[in-house]
1. I need a count of the residues in the stretch 192-209 that are over 16 Å from the mean Cα position of the chain (by Cα) and open to solvent by less than 10 Å² (accessible area, probe 1.4 Å).
2. Among Val38, Val42, Val4, which is the only one that is under 17 Å from Lys70 (Cα atoms) and in contact with a Leu (Cβ under 9 Å, 6 or more places away or on another chain)?
3. So which strands (runs of 3 or more DSSP E) are wholly in the stretch 1-87 and hold at least 3 residues that are among the β-branched types (Val, Ile, Thr)?
4. Filtering the stretch 27-69 down to residues that are small (Gly, Ala, Ser) and farther than 19 Å from His227 by Cα, which residue is modelled with the lowest pLDDT?
5. Anything in the stretch 97-112 that is closer than 11 Å to Pro316 by Cα and either surrounded by fewer than 22 Cβ atoms within 10 Å (Cβ to Cβ) or among the aromatic types (Phe, Trp, Tyr) (or both)? List them, or say none.
6. Considering the stretch 75-98 alone, what residues qualify as being farther than 19 Å from Asn201 by Cα and at pLDDT 95 or above?
7. Let me confirm something: among Gln169, Gln158, Gln189, which residue is open to solvent by 10 Å² or more (accessible area, probe 1.4 Å), modelled with pLDDT of 95 or more and at positive phi?
8. Could you check how many residues of the stretch 280-321 are acidic (Asp, Glu), within 15 Å of ligand 2 (Cβ to nearest atom) and crowded, with 24+ Cβ neighbours inside 10 Å?
Amino acid sequence: MIIVMKHNATQGEVAQVIAQVETLGLQARPIIGEERTVVAVVGDERPVEPEQFELFAGVERVMRVLHPFKLASRDFHPEDLVVKINGVSVGSSQVIVMAGPCSVESREQLMETAAAVKEAGGHILRGGAFKPRTSPYVFQGLGLKGLELLREARDAYQLPIITEVLSPQDVYLVAQYTDIIQVGARNMQNFALLQTVGETNKPVLLKRGMMSTVEELLMAAEYVLSHGNSRVMLCERGIRTFETSTRNTFDINAIPVLKSLTHLPVIADPSHGTGKWELVTPIARAAVAAGADGVIVEVHCDPAHALSDGAQSLKPEKFAAMVSEVRCIAEAMKRTV
Ligand code: PEP
Ligand code: MN
């Protein structure tokens, strides 16, 4: 339920509404907008009659939110959320490019890639230190060493960084190093992990599970939001279908669907979405044309010898070409890169 206060409602009137919501055993989240305050009511509100709140002083109207996700819903937050990360604004008119290796492999590899990302106009450096691998016998990531190298590259190239966390017990360690915490597709419904990242103050990139619906993605975001972290970005990274010509099927529909249902920024990952480097640039262009707020792509200087995801990694020169093509599309959409 959303309680929309009148534009001249006093703080005392808002406080009375919040007190009544809490008396009913529900939680109240005031969202203070430029024009007016809106009180989001969270919890099992089925027994509550909206009309009872309409009688309170300062209340303009009360609306039920029909979606099962509440804090993630655009009904609660009509304007786009802009997530600010050290001078980079995700969800603004600028389309953000996040790029870097699938895995951090060594200092030389990361520094060389970071230089290429910066040079081509990328805004955020990605790199996995804790890797969710299908096989336990392959490279699992450098762990803490990888986080230290990411931090070094961040400082050397002045690029905010994003890296994945796999387990709740590593969340605070990863949060000490990174600017954005990534929750990967395989962990989209790891509720203990979602709760723990929800308790940090770091922006979160939540990737869609490969077998999850858009609504399940939004419900996963709801876990993070309801634990107090409002800076969530969503990522479409392809889903499993019967199609075998690509690693995953990039669900372009999800971008405008998400943009209409939620205020959270939407990022496209054409690398995992296709699994083939040749397809990364066309799908990055399509995603930006469909309204994505950014792309996250894998870049490697020597993809043939990459320790993970070489087949979908762009070499630096191909990445630079992708950035300029994405810029053309962004400009056609009245945005920048
Ligand atoms: C990754 O970003 O390298 C990754 C493992 O992504 P996903 O969780 O989308 O598979
Ligand atoms: Mn990868």
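1. So the answer is 0.
2. Val42
3. 2-5, 37-42
4. Gly33
5. Matches in the stretch 97-112: Glu112 only.
6. Of everything in the stretch 75-98, those that are farther than 19 Å from Asn201 by Cα and at pLDDT 95 or above turn out to be Asp80, Ser92, Ser93, Gln94, Val95, Ile96, Val97, Met98.
7. The unique qualifying residue is Gln158.
8. 1
The values are calculated or read from the model by the stated rules, or taken from the named source; none is laboratory data. Just so it is clear, the model here is predicted, and its values are computed rather than measured. For neighbour counting, all protein chains shown are included, and Cβ atoms are generated from backbone atoms with ideal geometry for every residue, glycine included. Surface areas here come from the heavy atoms of the whole protein model, side chains and all, with no ligands, DNA or RNA. Shrake-Rupley method; radii C 1.70, N 1.55, O 1.52, S 1.80 Å.
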